[in-house]
Amino acid sequence: SKFISTINKLFPKDENELEGLTDKDDFIFIKTKDETHKLIKVYFRDIIAVESKMNYVQVHTASRSILTYMTLSEISKKLLAFAGFMQFQRSFVISQDHIDYIEGNSIVMHNGIKISVGDYYRKYFNEFVDSKLLKARRRYA
């Protein structure tokens, strides 16, 4: 008990990273680049992918694509806190719910975005595919 309290004092949990994220909070508001006073409500379940565009990110959903002034690392802190979002390339965070198919080292999303898996992320990608792959137990002769 004393050990755990000491560890918690030495390594406090960063509450700011997960600020405002509860089970009821299944959406975010995104400020568009084009219309400065407009905030667009986006449900996490609708996000297909988030693409880095230098100092901006393009949030791809099923119905629209939103460009906003933010870095990928800033938005990925929120997205990766939720199950179902992954990063297999430096420029993209994707939703595993919206993967259409995988061909070699490329992931194709429902909206047609094709993402090649980066070398750094290949190990995690292979672990993800192996965990989801349906395969027969018998061996071919």
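The values are calculated or read from the model by the stated rules, or taken from the named source; none is laboratory data. Note that the coordinates shown come from a computational prediction; the quantities given were computed from them, not determined experimentally. No Cβ is skipped: glycine too gets one built from the backbone with ideal geometry, and neighbour counts run over all protein chains shown. All accessible areas refer to the heavy atoms of the entire protein, side chains included, with ligands and DNA or RNA removed. Shrake-Rupley method; radii C 1.70, N 1.55, O 1.52, S 1.80 Å.
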In nm, what is the difference between 0.36 nm times the number of residues separating GLU74 and ALA62 and their Cα-Cα distance?
2.1 nm
Summed over the other residues with a beta carbon less than 13 angstrom from that of LYS31, with K and R at +1 and D and E at -1, the charge totals 0
What is the distance, in nm, between label points placed 7 Å from the Cα along the Cα-to-Cβ direction at LYS33 and at TYR101?
3.2
Probe 1.4 Å, all protein chains in place: accessible area of MET109 in Å², nearest 10?
0
With every protein chain in place, what's the accessible area of ILE102 (1.4 Å probe, Å², nearest 10)?
70
Determine, at each q value in 0.15, 0.16, 0.26, 0.27 (inverse angstroms), the log₁₀ of I(q)/I(0) that the Debye formula gives when each Cα of the stretch 23-90 is one equal point scatterer.
-0.44, -0.51, -1.38, -1.48
With the 1.4 Å probe rolled over protein heavy atoms, the stretch 50-140 has an accessible area per residue in Å² of 67
Solvent-accessible area of GLU35, probe 1.4 Å, all protein chains present, reported in Å² to the nearest ten, please.
90
